[in-house]
Each structure stands twice: as structure tokens, then as C-alpha cells.
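What follows is a single structure, written as C-alpha cells, with notes after it.
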Amino acid sequence: MDITSLQNPRVKYIVKLRDDKKQRLSDGLMLVEGYDEIQLALSAGHSPQTLLSSPEIVSRQISGVSAESLSVSRAVFEKLSYRDNPDGWLAIFPIPHNSLADVKLNDKPLVIVAESIEKPGNLGAMLRTADAAHVDAILLCDPRVDLWNPNVVRASRGAVFSVPVVECDNTSALQWLKSRKMRVLAAVPSAEVLYSDVDMREPVAIAVGTEDEGLTNFWLDNADVKVKIPMMGRVNSLNVSVSTALIIYEALRQRK
């Protein structure tokens, strides 16, 4: 075992990296826990700085990784872990840096504009949908959640590495979309048009906001069309990740 003491300086540093956004941003590093999540990051071309494992826990092996490798005791790993049932794998990755200029679009792109998303679970679920549907990119506008929070990585099952995600302001996002001749659909509960009645076969960006506040006037004023998902019960809104998934898959249905 390379590390068995809970008081080891490396253990304290990794815990701080897990819990402190400022530390992550300052060092440009993030944690990825779990065999599947690490493998997805590797397959997407990302290389870890450090790979940690607990031989007492692991059941599957990760090999062929060029990185510092450390073995830790079960007690140490459980201190580092942010999961209820850890599988014994944890890696420290450099934080990826994506810009609008880096995004590569296909002939008929499909993009998600997520404004002021605040819950790690919602963002993670949206990333999983984006990966499953081969969405070209997610533009994270004025985010309230840290994209590199370990809980976002966990909720996304590692899709944070497979989907191009760009953090930007609203104005930059809109200019980028318009320069690529993409229609903007704003998801709004008060809209008159059903999302399934809008043609999404051409280049389109789907803008969604928070569950409590929805989209700001910026996107409402600049959207090409406002769409709604029918609500036939007493609740007046859906979870933002669910709403996003419904509209994304309607776009896929139309395109096929």
C-alpha cells in the first residue's frame, strides 16, 4: 500500500480538491470516481494525472494508463470517495478547457443551451441525454453549478468528457448560434406552440432554464420560437433534465 494513513498530506489534498471549487479551479484539476467514468474519460482522449485504487475493493482492472499510480487502503479510499458504494477507483484529471471555437458541428447540428442550471444532478442528467442523442454541444450559460463538481461527473456517468460543453455568457452563445444559422427554440411553460409541432429537422438550439425561474428575458426575446410541453395535471413544470430529454428526442424522431 502506498497510502494507509488518513492524515497523509495527499489524502488531505484530494479531499480538498473534491470539496473546494476554488481549489479545483486554482489547480486546474478535478476528481473522477468509478471504473466506468474513468474508462469513458480515457476513451474520449483524456489522460489522468494520478490514478488511485484500493486493492481491497476493486474487482476490475484499469491498465495501460500512463499516470502516477497509487494504491490506498480501504479506509483511505472511503475517506476520499464521494459515493455510497465505491468500486475502488479514483483519478485526478486535468480540467478540460473548451471554447466556442473548439466546437465542431455536423451538417444539421443539435445544441442545448442551458441557462443558469444550479443542480449537479440536473446537469449530469442533461449530459447523459446529450451523449445518448449525439448532441453536438451544450452551451452552459451563466451557470450556477460547477461543471467539474464531482457530483456532476457522477450524475453524468462520465458524459461530461464525451459531450463538448462550453461555459459562456448569453450574448456570446447567441452570436455563435446566429453566425451558424441555427434556430433557437425556447422551452417555456406559457408558450402556445407544442414542442412536437415545430420542425426541428434543420440546425436548432434548444434553450432551457431553471425550474423555478425558467429562461431569462434574454432568451425569450431572442428565441425564434417558444415551445411548451403539454401539462395535463396540477403540476406546472417538469424537471429541466426531463424537459430537455423530451425535446431532444422529438428532434431525433423528426430527423429519422
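Could you check how many percent of all C-alpha pairs in the chain are farther apart than 35 Å?
In whole percent, the long-distance tail amounts to 23.
For the chain, what is the calculated [θ] at 222 nm in deg cm²/dmol (nearest 500), taking -39500 (n - 2.57) for each run of four or more DSSP H residues and dividing by its residue count?
-10000 deg cm²/dmol
Take the Cα radius of gyration of segment 9-94 and divide it by 2.2 N^0.38 Å, with N its residue count; two decimals is plenty.
This ratio for segment 9-94 stands at 1.01.
The numbers here are math on the coordinates, done by the rules we state, and not lab data. Owing to the predicted nature of the structure, the values given are computational and were not obtained by experimental measurement.
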